[in-house]
1. What residue, of LEU154, LEU99, is in contact with a Phe, Trp or Tyr (Cβ under 6 Å, 6 or more places away or on another chain), of a type in the set (A, V, I, L, M, F, W, C) and in the same structural domain as TRP188 (by TED's automatic domain parsing)?
2. Across region 57-68, what is the total count of residues that are free of Cβ contacts under 8 Å to residues at least 24 places away in the same chain and either surrounded by 15 or more Cβ atoms within 10 Å (Cβ to Cβ) or part of a loop (DSSP other than H, G, I, E, B) (or both)?
3. Output the residues belonging to region 271-324 that are modelled with pLDDT of 95 or more and basic (Lys, Arg).
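The values are calculated or read from the model by the stated rules, or taken from the named source; none is laboratory data. Here the structure is a predicted model, which is why all the values come from computation and not from measurement. For neighbour counting, all protein chains shown are included, and Cβ atoms are generated from backbone atoms with ideal geometry for every residue, glycine included.
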Amino acid sequence: MNLQTSDKSGGASLEAIARNGSLLRRIAVRIPTYLTDLRENPAWLPMFVLARTMPGRRMHWLAARRARPVDNARDTMFTGVEREAVVGALRSDGLFSGLVLPSDIHRQIADFARRTPCFGNFDRRLEFMPDEHGQAEKRLGRSLLSGHYFERILDCPAALSVQRDPLLLDVAAHYLGGQAKLITTRVWWSFPTGKATDADKNLASLGKYHFDLDDWRMLKFFFYLVPVDAGTGPHVYVRGSHNRRAIKHQLTLLVGHPAEEVLDVYGQQSPVTLIGEAGLGFVEDPFGFHMGTVPARTPRLMMEVGFGVSRPSRRRFHGEPVIR
């Protein structure tokens, strides 16, 4: 009996040491990005400290300005979608699914992505064609879990038409306030690979629930550019988690947490797994817990158009962190 207790205590201690070591490594990896954010914009620091807390966020929401009508709101490519319904779902659930890209639009973006080199794991030195992913892993001697296009996607007219669609700004302004502005436009691949480490997955925001903390108030529109099923790494959102937050999830420096810890707080029935055909779109408040699951069989190609209320970072516009 005593031996069993001692063993368990020792095991728990070893587990705690490993967990703390992992925590320190994850914080250390982010330090260059944090310092660059602070240098670019000193107002980043109070946001980074306070926007993770519910009182801090609620105070900032009080500064939301009344949204002005968007003159060309009806000139949208998204038929049958009413702004009021989208904003209402965002306020209650943090998520609205029901946007559909026209087929010619998502095909043009996907075609552009297939014929354009991408950058692996957010690193501009790891450049490869997406259909040569396996060969690239062998050539570079490392796993490539993601492939981003950064500013190259701005050379795709179809992607720009999504970025500029008036419905997106109309929804963002009525949810975030009149200060809402475009801050991110991204297209990227998530690849199945048997070699990915936990660090690779953390960098790619895959396999672990997390919340985004790039601004006081944010909204992100996502679009699948290929069909996504359970084997393609579907996106998962924890419904309602944008409106409440456990104290331990407000006081930690990390935004990522294990699934069992998140679901114990927000409910086993709260996750929504989004699967569908190419063109499926959804919008979420990314302060709610969410994650992209790791593709098991086929690559996922996805587009994001994000809105915030602060001056956008030059890097965040392309989704690029600082990595050394």
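1. From the options LEU154, LEU99, the qualifying one is LEU99.
2. 1
3. Within region 271-324, ARG300 is the sole residue that qualifies.
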